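> Here it is, the structure, as structure tokens.
The values are calculated or read from the model by the stated rules, or taken from the named source; none is laboratory data. What you are looking at is a predicted structure, and each value in this text was computed from that prediction instead of being measured. Positions of Cβ are generated from backbone atoms using ideal geometry, with glycine treated the same way; all protein chains shown enter the neighbour counts. Each accessible area value is taken on the protein alone, full model and side chains, heavy atoms only, with ligands, DNA and RNA left out. Shrake-Rupley method; radii C 1.70, N 1.55, O 1.52, S 1.80 Å.
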Amino acid sequence: MTGPADAFGPILEVMSWVGFILGIPLVIAGWIVANRRCQWINTTAEVFEAGGYKGFRWSDSEDTPHISLHDHAETQGLDVGTRIEIHYDHCHPVRWGLEPPRNDNPFLIIGWILMCLAILCTVAGFIPMMF
């Protein structure tokens, strides 16, 4: 006689295969994306004023000077000559920000979730065989 407990075997089998087949390539893709991403470095920038605009002046790790101008609304509260910490992309120094970027990697996150689900389903599939 078959019952609802007997239906869990094929469901767990399918879920473990789906988790491994989709999870492993996603983890590999996420690992590749994470290793190709450039590192963000922090440096000190000085606030300056030019023609009614305020901006930031800083040098990257290769001592290349960079300047960015902003309108008055974006730089309210910053006095000329103030030093602030900024973060910039080492490979593309024109990409910068006052806060470091979040390095979310959805490929890696979803891949690990699927692989953990596959491992759990595989282990859960062996439990009925023990009893």
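> What FRET efficiency would be calculated for the residue pair ILE84, ALA124, taking the C-beta separation as r and a Förster radius of 35 Å, to the nearest 0.05?
E between ILE84 and ALA124, to the nearest 0.05, is 0.10.
> Residues of the range 76-131: accessible area per residue at 1.4 Å, in Å²?
Here the residues of the range 76-131 average 75 Å² of exposed surface.
> Give the relative contact order (percent, whole number) for the range 1-61; include only Cα pairs under 8 Å separated by 6+ residues.
Rounded, it is 18 percent for the range 1-61.
> Once fully extended, how much extra length lies between LEU69 and ILE32, figured as 0.36 nm per residue of separation less the alpha-carbon to alpha-carbon distance? Let's see the in-between values first.
Working: separation 37, 0.36 × 37 = 13.32 nm, distance 3.51 nm.
Separation in residues times 0.36 nm, less the Cα-Cα distance, equals 9.8 nm.
> List the relative contact order of the chain as a percent without decimals, with contacts defined as Cα pairs under 8 Å and 6+ residues apart. All intermediate terms of the calculation are to be shown ahead of the outcome.
Details: 177 pairs, mean separation 47.8, N = 131.
Reported relative contact order: 37 percent.
> Which of (i) 14.7; (ii) 19.0; (iii) 15.8 is the computed Kirkwood radius over Cα pairs in Å for the structure on display?
Evaluating Kirkwood radius over Cα pairs in Å on these atoms matches (ii).
> What is the angle, in °, between the Cα long axis of helix 4-36 and the longest principal axis of the Cα atoms in the chain? Nearest 10 is fine, range 0 to 90.
30
> If you average the alpha carbon positions of the range 8-34 and of the range 73-98, how far apart do those two centres end up, in angstrom?
When both Cα centres are located, 41 Å separates them.
> Also, quick follow-up: Please find, in a Gaussian network model of the chain (springs between Cα atoms separated by less than 10 Å), the residue of ARG83, ARG57, ARG102 whose mean-square fluctuation is greatest.
Judging by the Gaussian network model, the answer is ARG102.
> Let me ask you something else. So how do 50-56, 107-113, 94-100 stack up, highest first, on mean other-Cβ count within 10 Å?
Details: 50-56: 14.4, 107-113: 16.3, 94-100: 12.1.
Ranked by mean Cβ neighbours within 10 Å, highest first: 107-113, 50-56, 94-100.
> In whole percent, how big is the carbon plus sulfur part of the accessible area of the chain, probe 1.4 Å, protein atoms only? All intermediate terms of the calculation are to be shown ahead of the outcome.
Values: 6140 of 9390 Å².
Its accessible area is 65 percent carbon and sulfur atoms.
> Divide by every residue of the chain the summed helix terms, -39500 (n - 2.57) for each DSSP H run of at least 4, and state the resulting mean residue ellipticity at 222 nm, rounded to the nearest 500 deg cm²/dmol.
Here the helix-only value at 222 nm equals -16000 deg cm²/dmol.
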